[in-house]
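What follows is a set of notes on a single structure, which appears directly below.
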Ligand code: GTP
Ligand code: MG
């Protein structure tokens, strides 16, 4: 369903707002203000009564696109390389969490911090060999992903699919392969738990996984394809550096870029949100464009945030976050929702205005829904 304000409709119809208000009053609307929200049914009624025609070039305002005009177009000249965003998938018990724990641990050690790792659902490492950054997301099943997928957006650039050398492909491995195909993500295979297999048996186990992958049409490097297969152990750390460098190499091929200038309108989305007893509303934000900084204001769903502070997964305070750098952000009026977009606005006053506008549209949609339900009920009773 579409909704629009009277002032927006006057733009759409290209008629003076005073005339439109007069017409509406004649149709029986009372107290019509410029912000009065009209539902699709009423818009159609008005079009019929007065033979107005909608100018298709101007889109109708809905609560879903109320923030769209805040965004700015991407300037290709300002694109800079950004770190890849990686998700680990695989069958149950094949070692996803162990890999993430290994990466986390070495990342914390590398930064020489005694900070307690707080699991904020996403973290960034610097690879020990090339010193490049990689962002890992924790939980591919969680609702941010589902919500984003419904909108046709993907968070992830690369999926690392773990396959245990002991078991080879299992049902959830096949599910993950399906997901990768549908989402268009790039794929790297990590054959895990190789430390559990004797040196003599290793090649055989790896061959088995390779053959199983081939039989599921994964074009692995061994046969001239482009999917890298890395045998690793997250227990001993064997080849973990190789896995990290494979991700770096692939991300270079993908040529991942984003604008990160501080004066660009920053955009991103919520990975997770939580009310914490000590500090109140917190959210993990992943910026996709621009820079997140202390003091900047963001709208998000029915709330907004004047950034009070930000920190990384190790609890270290940060001054700013660049694209693909997940941070925990404080300063939310209300708790934002997982998967919702965050968009920078110029001021707190503007944020309030936009949030109110969105809420009014949500309300009018609810109202229109109720009216429709009542009408349907009446019809079925009649
Ligand atoms: P779910 O979250 O339940 O789907 O499992 P997961 O994929 O996260 O597996 P997890 O990392 O919990 O590993 C399962 C078991 O395998 C644990 O007991 C790990 O210690 C063990 N494990 C994982 N990776 C390795 C490895 O490389 N070598 C060895 N020896 N054990 C491993
Ligand atoms: Mg796990």
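The values are calculated or read from the model by the stated rules, or taken from the named source; none is laboratory data. Since we're looking at a predicted model, the values are computed, not measured. Glycine also receives a Cβ, built like all others from the backbone with ideal geometry; neighbour counts cover every protein chain displayed.
What are the pairs, 6+ residues apart or on separate chains, where a residue within the range 82-99 that is more than 9 Å from ligand 2 (Cβ to nearest atom) has its Cβ under 6 Å from a residue that is in a strand (DSSP E or B) and modelled with pLDDT under 90?
Every condition considered, the pairs that remain are 87/137.
Being farther than 30 Å from residue 136 by Cβ, modelled with pLDDT of 80 or more and not in a helix (DSSP H, G or I) is the filter here; which residues of the range 52-72 pass it?
66
Within the set of pairs 6+ apart or on separate chains, which have a first residue in the range 220-240 that is closer than 19 Å to residue 168 by Cβ and in contact (Cβ under 8 Å) with a residue 60 or more places away in the chain, a second that is within 16 Å of ligand 2 (Cβ to nearest atom) and in a loop (DSSP other than H, G, I, E, B), and C-beta atoms under 6 Å apart?
So the pair list comes out as 234/95.
Has the range 231-250 got at least one residue that is at pLDDT 95 or above, in a strand (DSSP E or B) and either touching a strand residue (DSSP E or B) at 6+ places or on another chain (Cβ under 7 Å) or surrounded by 13 or more Cβ atoms within 10 Å (Cβ to Cβ) (or both)?
yes
Could you tell me whether residue 157 is within 16 Å of ligand 2 (Cβ to nearest atom), at pLDDT 90 or above and either more than 14 Å from the chain's Cα centre (by Cα) or within 26 Å of residue 219 (Cβ to Cβ) (or both)?
No: the conditions fail for residue 157.
Among the residues of the range 91-132, count how many are on the phi > 0 side of the Ramachandran plot, modelled with pLDDT under 90 and surrounded by 14 or more Cβ atoms within 10 Å (Cβ to Cβ).
Count: 1.
Out of the residues in the range 172-202 meeting the condition of being away from ligand 1 (no atom under 12 Å from the Cβ) and assigned to a loop (DSSP other than H, G, I, E, B), tell me which one is modelled with the lowest pLDDT.
Filtering the range 172-202 for residues that are away from ligand 1 (no atom under 12 Å from the Cβ) and assigned to a loop (DSSP other than H, G, I, E, B), the one modelled with the lowest pLDDT comes out as 184.
Being surrounded by fewer than 23 Cβ atoms within 10 Å (Cβ to Cβ), in contact (Cβ under 8 Å) with a residue 24 or more places away in the chain and on the phi > 0 side of the Ramachandran plot is the filter here; which residues of the range 287-318 pass it?
301, 315
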